[in-house]
1. Restricting to the range 95-143, what's the tally of residues that are among the polar types (S, T, N, Q) and in a loop (DSSP other than H, G, I, E, B)?
Amino acid sequence: MNLLETIERVFDKDNVMEVSNKLGEIGDLLEYGNWSKDEIISSVDCLLNHISESEEDSVIENILNISLNVMNVHSVFDGFDLDSVISCMEKLNTECISYVLTFIGFTGNREYRPILQSYLENDKLKEEAEEALFELDYRINKT
């Protein structure tokens, strides 16, 4: 069974605790494995795509935390398909949106600037939006 199949099987479980436990195993596998950049990107994309299907904040938060840890451990911060998670941001709690803002900043994609700017008016997420905009600008100017 390949890595993406292993990730997909996690979401076949009906029990939230079982999904969370399996996600923890996937996180360890992704963090400590010797994966190529393409494998990291496809694995994180696979995880992020499951956010729109999930109703459980704990599962969503777990996916986002694993994704951020994997990005940091492997120093892969761009190339991810964030469309699925961006399209469902309105259903996410504040902590989860904070993760997504961070991911958006990592992209260096100018098209995402309005999304980040829209969170500058949110008292709970203003600081995260400012940091993400700073990161976005840094990455844009670096190229």
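The values are calculated or read from the model by the stated rules, or taken from the named source; none is laboratory data. Computed from a predicted structure; not experimentally measured. Backbone-built Cβ (ideal geometry, glycine too); neighbour counts: all protein chains shown.
1. Kept after step one, since they are among the polar types (S, T, N, Q), are these residues of the range 95-143: 98, 102, 107, 109, 117-118, 122, 141, 143.
Pick out the ones that are also in a loop (DSSP other than H, G, I, E, B) and you get 109, 122, 143.
Matching residues across the range 95-143 total 3.
Matching residues to (1) surrounded by 14 or more Cβ atoms within 10 Å (Cβ to Cβ); (2) assigned by TED's automatic domain parsing to the domain that holds Glu25:
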site: Cys46; (1), (2): yes, yes
site: Glu53; (1), (2): no, yes
site: Asn69; (1), (2): yes, yes
site: Leu82; (1), (2): yes, yes
site: Tyr99; (1), (2): yes, no
site: Asp123; (1), (2): no, no
site: Lys126; (1), (2): no, no
site: Asp137; (1), (2): yes, no
site: Ile140; (1), (2): no, no
